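Peer 1: Below is the structure I would like to discuss, written out as structure tokens.
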Amino acid sequence: MAISAERQRLLTLRQQIHAANAAYYQGLATGYTDAEFDALLVELEQLEAAHPDWISPDSPTQGVGSDLTGRGFVAARHTLPMLSLGNTYSEEELRAFDRRLVRLLGGAVHGYVCELKIDGVALSLHYRNGELRQAITRGDGREGDDVTLNVRTIAAIPPWIAAAPAELEVRGEVYLPLAAFARMNQRRSAEGEEPLANPRNATAGTLKTLDPREVARRPLAFFAYEALDAGAAGATHHQTLARLAAYGFPVESHHARCADLDACIAYCRRWHDERRALDYLTDGVVVKVDDPHQRAAAGTTAKSPRWAIAFKFPPDRAVTKVERIEVQVGRTGKLTPVAHLTPVELAGTTVSRATLHNQDEIDRKGVRVGDRVEIEKAGEIIPQVVAVLDPDRPDRGKRFVIPSHCPACDGAVARDPDGV
């Protein structure tokens, strides 16, 4: 029996989102910008809202993505689900978030806490009698990979806490400082290896390395943002952050308590402009209700808390021209197409090259030599082509195809699921 075009679109969206989620949580390139991925998710949510009978438990709208690999790590269950956050790119949607809370709570929100959203990997740390006993990745929100041996090598995470409660869970974000990331890529380039795409991918890949000695060589860092224990039950979020700092955890120092949403918006505007002075990537601001009783009253959905939202900074973009496309050969033999561009200023630097990832991405975006293209920095580091601006012009160049033989050794090229 034939299915409708809408139903087919829904199935295609689910497949695309699941594939992008899998790549994201394993530290691989997704092929989508944040805004493109969010647009796919919104389209899927709208289709499911119009056809509730099409919703299924395995839909990406019904849960968070997963970093579970099943390769070399034991799965461990979270004491409480590690939910994802709803997000927005507009101030008006941020105000709509505040209005929803007022309706839910039957009155005004008693203040917010704004924190910079660190572009890293979420982690749950379990302490018993002050000793670090277990570290678990977010996974699918219900269970994650046990990466305790690797996490013990991260200097920023205390192995022991004095005066801690008998049972303490600390949640936070593992990340790679920008200066350390730059040094890693300089070393990789000198050794003939392909540079890492961005600090978040490097962090995710490092945490899932099977050799803790290799993890110890990479200077991962950590910011704590949540404590789950008996003492946290009646504390405001602002108080919880102070307690985490007192325990010896690094806490991102630019968080602020905001009396109302106008103050939150002012905070977002400030850090949109000032974030480039930091030594770590932040792709937005997390706005959280401060009062624990109001949090409890607002509750959660299956996917995210109703009392928090991520305001995402719009990416910096520029328009330029593709002058030529070349294929680079990595140390492992992987071929990566790279667009050489007319130099253009983007996010404070001059950009003259952008990754095209693989043949599938070239075909999906339709990039050809001579095209005017829009580019942005993926993860604020590596430029990538977002879109072709004049795909219908009559004098376009030929479709670019990665060669069937390696330009370095003339060996036959084989395709794999991650590209060429």
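Peer 1: Quick one: the Cα spread of the stretch 81-312 along its three principal axes, in angstroms, biggest first?
Peer 2: Taking max minus min along each principal axis of the Cα atoms, the stretch 81-312 gives 59, 42, 30 Å.
Peer 1: How far apart, in nanometres, would the label points at Asp211 and Ala246 be if each is projected 7 angstrom from Cα along the Cα-to-Cβ direction?
Peer 2: If labels sit at Asp211 and Ala246, their model points lie 4.3 nm apart.
Peer 1: Distance in nm between label sites at Ala190 and Asp410, each 7 Å beyond Cα in the beta-carbon direction?
Peer 2: Label-label distance for Ala190 and Asp410, simple model: 3.4 nm.
Peer 1: Using the Cα centre as the reference, give the magnitude of the dipole from point charges on the C-beta atoms of the chain (Lys, Arg: +1; Asp, Glu: -1; all else neutral), rounded to the nearest 20 debye.
Peer 2: Working: 51 positive and 57 negative charges, 97 e Å.
Value, rounded to 20: 460 debye.
Peer 1: At a Förster distance of 35 Å, what's the computed FRET efficiency of Val319 paired with Ser90, Cβ-Cβ distance as r, to 0.05?
Peer 2: Working: r = 23 Å, r/R0 = 0.65.
Plugging the Cβ-Cβ distance into 1/(1 + (r/R0)^6) gives 0.95.
Peer 1: Rounded to whole Å and ordered largest first, report the semi-axes of the equivalent ellipsoid of the stretch 41-194 derived from its Cα gyration tensor (root of 5λ). Write down the numbers at each step before the final one.
Peer 2: Values: eigenvalues 209, 109, 81 Å².
Those come to 32, 23, 20 Å.
Peer 1: Next question, about the same structure. Please give the Cα centre distance for the stretch 276-296 versus the stretch 176-252, rounded to the nearest Å.
Peer 2: 17
Peer 1: Return the Rg/Rh value of the chain, two decimal places, where both radii are evaluated on C-alpha atoms and Rh is the Kirkwood radius. Mind showing how you got there, number by number?
Peer 2: Details: Rg = 22.6 Å, Rh = 23.2 Å.
Ratio value, two decimals: 0.97.
Peer 1: In addition: Using Cβ contacts closer than 10 Å as the measure, can you line up Trp54, Trp271 from fewest to most?
Peer 2: Values: Trp54 15, Trp271 20.
Result, fewest neighbours first: Trp54, Trp271.
Peer 1: Something else now. Can you compute the helix-only [θ] at 222 nm over the chain? Use -39500 (n - 2.57) per DSSP H run of at least 4 residues, normalise by all residues, nearest 500 deg cm²/dmol.
Peer 2: Values: 11 runs with 123 residues, N = 420.
Dividing the helical sum by the residues of the chain leaves -9000 deg cm²/dmol.
Peer 1: For a test of the definition: using alpha carbon positions, the gyration tensor, and the 1.5 limit on a/c, classify the stretch 337-411 as rounded, prolate or oblate.
Peer 2: Numbers: a/c = 1.99, a/b = 1.23, b/c = 1.62.
Oblate, since a/c reaches 1.5 and b/c is not below a/b.
Peer 1: Please tell me which of these pairs span more than 26 angstrom C-alpha to C-alpha: Lys208/Lys303; Lys312/Lys365; Lys117/Lys208; Lys117/Lys365; Lys208/Lys321; Lys321/Lys398?
Peer 2: Working: Lys208/Lys303 24 Å; Lys312/Lys365 24 Å; Lys117/Lys208 22 Å; Lys117/Lys365 29 Å; Lys208/Lys321 38 Å; Lys321/Lys398 15 Å.
The pairs that break the limit, which is 26 Å between Cα atoms, are Lys117/Lys365; Lys208/Lys321.
Peer 1: Report, to one decimal in Å, the Kirkwood hydrodynamic radius for the stretch 179-258 based on all distinct Cα pairs.
Peer 2: Values: mean 1/r = 0.0652 Å⁻¹.
Final number for the Kirkwood radius of the stretch 179-258 is 15.3 Å.
Peer 1: Exactly which GluC sites (Glu not before Pro) in the stretch 122-194 are in a DSSP loop and have at most 10 other Cβ atoms within 10 Å? The partial results should precede the final answer.
Peer 2: Values: sites: Glu131, Glu143, Glu167, Glu169, Glu173, Glu191, Glu193; in loops: Glu191, Glu193.
Answer in residue order: Glu191.
Peer 1: Moving on to the next point. Calculate, for Leu80 and Asp260, the FRET efficiency according to 1/(1 + (r/R0)^6) with r their C-beta to C-beta distance and R0 22 Å; round to the nearest 0.05. Mind dumping the intermediate values first?
Peer 2: On the way: r = 29 Å, r/R0 = 1.31.
For R0 = 22 Å, the calculated efficiency reads 0.15.
Peer 1: Dividing the Cα convex hull volume of the stretch 212-292 by residue count, how many Å³ per residue is that? Show your work: numbers first, answer last.
Peer 2: Values: hull volume 9.6 nm³, N = 81.
For the stretch 212-292, the hull spanned by Cα atoms encloses 118 Å³ per residue.
Peer 1: In terms of the Cα gyration tensor, with a ≥ b ≥ c the square roots of its eigenvalues, is the stretch 278-420 rounded because a/c is under 1.5, prolate because a/b exceeds b/c, or oblate?
Peer 2: Taking the square roots of the gyration eigenvalues as a ≥ b ≥ c, the stretch 278-420 is prolate.
Peer 1: Using only the alpha-carbon atoms, how far is helix 5-25 inclined from the longest principal axis of the chain? Give it as 0 to 90 degrees, nearest 10.
Peer 2: Helix 5-25 and the main axis of the chain meet at about 70 degrees.
Just so you know, all these numbers are worked out from the coordinates, no wet-lab data involved. All of these numbers come straight from a predicted model, not from anything done at the bench. Methodologically, a virtual Cβ is constructed for each residue, glycine included, from the backbone with ideal geometry; neighbour enumeration extends over all protein chains shown.
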